[in-house]
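A short worksheet on the structure shown next.
The values are calculated or read from the model by the stated rules, or taken from the named source; none is laboratory data. Because the structure is a prediction, the values reported are computed rather than measured. Because the Cβ atoms are built from the backbone with ideal geometry, glycine has one as well, and the counts that use them run over all protein chains shown. For the accessible areas, the whole protein counts, side chains as well, though only heavy atoms, and no ligand, DNA or RNA atoms are used. Shrake-Rupley method; radii C 1.70, N 1.55, O 1.52, S 1.80 Å.
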Amino acid sequence: MKLASLLLWTAAAVTALPEKHEHKPAKCTKPEKRRSWHNITDAERKAYTSAARCLLTSPQKLNRLPGAKTRWDELVSLHQIHALQIHTTGQFLPYHRYYLKTLEVLLRECGFMGVMPYWDETRDAGNFSASVIFDPVTGFGSGGDAIGGCVPNGPFYNLTVNIGPGFESKPRCVNRKITDMFSAQTGKTYVAAALNHTDYAGALDGIYSGPHLLGHMALAMMDGNSITSSGDPLFFMHHGFVDKMWADWQAKDRKKRFKDISGLNAQDPAVGFSEFPGGMEEESAMWGHPSAVILAVTPDPQFGDNGPNITLNHIMSSLGIIPNATVADVMDTTGGYLCYEYV
Ligand SMILES: [Cu+2]
C-alpha cells in the first residue's frame, strides 16, 4: 500500500468508526457443524429460540443506534443502516455472513451455548407452511394471515420490534406471511441453477435473485420489508441457508473462490434493489430516506476499498456490537476468524 493511500485509509478509519479492525490469528482446526433445523433436537431448538426471545426482551446497550430500544433492535438497526450497501451489491454475501456472526455473539449474551442452526429450505420447498420450523412449541411459530399479520403463536408471539418499517422506527409485532407457491423456488433444482456459475458475480446474482429472493417472498417477514425484515428472528434461518449456498459454491474451487469477490460496495443509484423497478429514488417511495441520525452513524461504503468496487480489504462494521472484520476474514468459513461448516 502506498503511503498516501495508507494515510487516507487511516483518516477514513478514524473519522468513520472509532473501533479498529482486529486481526485474529486464530486457527480453525475443528469447525463447528451448523445443522439444519430439521436435524437438531427439540431441546436445541428451544435453546435457540429462547436466546433470541431474550434478545427481543433485553434493553439496548450501545446508546448509539437510532430508534433501538432492545438488544434485538440493535441487530435490526444494523441491517437498516447498511441496507443500501448490502443488497444488490458485491457486499451482499460477505456482509450477511458477518451479520450471522454478529447474531451468534449476541445469542451468547443470552446464554446460548449451541451451534448456530440454519434452515435447509430445499426440504420444504413448495410447502413451507407445513415445515417443522413453524411449530408453535418447538419452532418459530406460524405465519400471520395477512401481510403485516402478527405471528399468532410461538416464542415471538406478542413481542415488539422498534426498527422499521423501512427507515422509520415504529413499534410493530413480529410478523410474517407464508406463501407456498414462491417457496417452490428454494428447491434443489433452483439452488443448482443459482450456483451454476464459475465467477462470484454470476453466483452472487444467482443466489440473490433466485432462492434468496423467492424465500423472502415466500416468508414476507416484517411486511416483506427489504430494509428491516431481520426483525423476524426467522430471517437468520433463511440467511443461514443463503450463506450455505455461497459456502457450497466456494467449496467447488476453494483456491480460486476464496479470493473471488466483485461488485459495488453500495447500490447503483440507477438500479437500487434489482428486484424492484426504478432506481434508488423511485424505490425510496416504499421505505423513505435514511434520516439524518441514521446517516450520521452510517459507515463509508468504501471503507477499506478506496473506490466504488468491493475488495478483499473492505471493512465491515457492526457499529460496535462485535469488532470490525474484512471481507477477506469471512471468505472461508473455516479460515480462523470463522470456524464452521454446514452439514
Ligand atoms: Cu439483508
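Any residue that is away from the ligand (no atom under 16 Å from the Cβ) and either modelled with pLDDT of 95 or more or β-branched (V, I, T) (or both) - is there at least one of those in region 95-104? Within region 95-104 (the criterion being away from the ligand (no atom under 16 Å from the Cβ) and either modelled with pLDDT of 95 or more or β-branched (V, I, T) (or both)), the answer is yes, since at least one residue qualifies.
In region 305-335, what count of residues is obtained for those that are touching a Phe, Trp or Tyr at 6+ places or on another chain (Cβ under 8 Å) and open to solvent by less than 30 Å² (accessible area, probe 1.4 Å)?
Within region 305-335, residues that are touching a Phe, Trp or Tyr at 6+ places or on another chain (Cβ under 8 Å) and open to solvent by less than 30 Å² (accessible area, probe 1.4 Å) number 10.
From the list S129, S142, the lone residue that is in a helix (DSSP H, G or I), closer than 16 Å to W37 by Cβ, polar (S, T, N, Q) and open to solvent by 20 Å² or more (accessible area, probe 1.4 Å) is S129. Among the residues of region 73-92, are any among the aromatic types (F, W, Y), within 16 Å of the ligand (Cβ to nearest atom) and surrounded by 23 or more Cβ atoms within 10 Å (Cβ to Cβ)? Looking through region 73-92, none of the residues is among the aromatic types (F, W, Y), within 16 Å of the ligand (Cβ to nearest atom) and surrounded by 23 or more Cβ atoms within 10 Å (Cβ to Cβ).
Looking at P31, is it touching an Asp or Glu at 6+ places or on another chain (Cβ under 7 Å) and at pLDDT 95 or above?
Against the criterion (touching an Asp or Glu at 6+ places or on another chain (Cβ under 7 Å) and at pLDDT 95 or above), P31 qualifies.
For region 234-273, filtered to residues that are more than 12 Å from the ligand (Cβ to nearest atom) and under 30 Å from T57 (Cα atoms), the residue that is surrounded by the fewest Cβ atoms within 10 Å (Cβ to Cβ) is K244. Does L56 fit the bill of being modelled with pLDDT of 95 or more and within 18 Å of the chain's Cα centre (by Cα)? Here the answer is yes, as L56 does meet what is asked.
Under the condition of being without any contact (Cβ under 8 Å) to a residue 60 or more places away in the chain, away from the ligand (no atom under 11 Å from the Cβ) and among the aliphatic types (A, V, I, L, M), the residues counted in region 205-233 number 2. The numbered conditions (1) closer than 21 Å to L319 by Cβ; (2) open to solvent by less than 20 Å² (accessible area, probe 1.4 Å) are all true for W119 except (1).
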